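Engineer: First the structure, which I've put down as structure tokens, then a few questions once you've had a look.
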Amino acid sequence: MNGEMMKQFENLFIELKKTTLNEMKMIDSTNEKGDEVDLSQEDRQRALDLKLLGRQNFMLKKIDNALFKIKNGTFGICEECDGEIETNRLRARPVATECIACKEESERGESQVLYEKRSHTHGKGFGNVIPLRAHAADLETVLASNSDY
């Protein structure tokens, strides 16, 4: 991959990071007033917001990893076979870490294994309890830990 293409991907990741951080800031709107029904709906919304924050934090980690690889000159190299990841694949999925052949192979292997469905963002089973109320300090901690760019 040439230097111009690397610069385009770097700019893309920086822009994605800014957008994701801005979206995370907009999610934090605590309004704890109302009757039981209002509070219940607020709890449900807060749980969904936390799930979204977790997914966005997971995406930020992938973006940071891609930016690290760009700086080290390893962006676009498959982590499994050390082959080059096709540019079209990276355009479709910029945070891809495996070439299409390795990814297909790992997915074929996954289909043969029975497993409990788990959340990738929280590492918990889907039936597990997630805290329903987040505090602004929690969001600030997440945002502060991802402010390198």
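Read-outs: derived from the displayed coordinates by stated rules, not from any lab. Every value quoted in this text rests on a predicted model; they were computed, and no experiment measured them.
Engineer: Just list whichever of Lys25/Lys62; Lys25/Lys69; Lys17/Lys69; Lys25/Lys61; Lys18/Lys71; Lys51/Lys103 have alpha carbons separated by over 24 Å in the model shown.
Structural biologist: Lys25/Lys69; Lys51/Lys103
Engineer: Take the alpha-carbon positions of segment 58-104, form their convex hull, and give its projected area averaged over all directions (one quarter of the hull surface) in nm².
Structural biologist: 3.2 nm²
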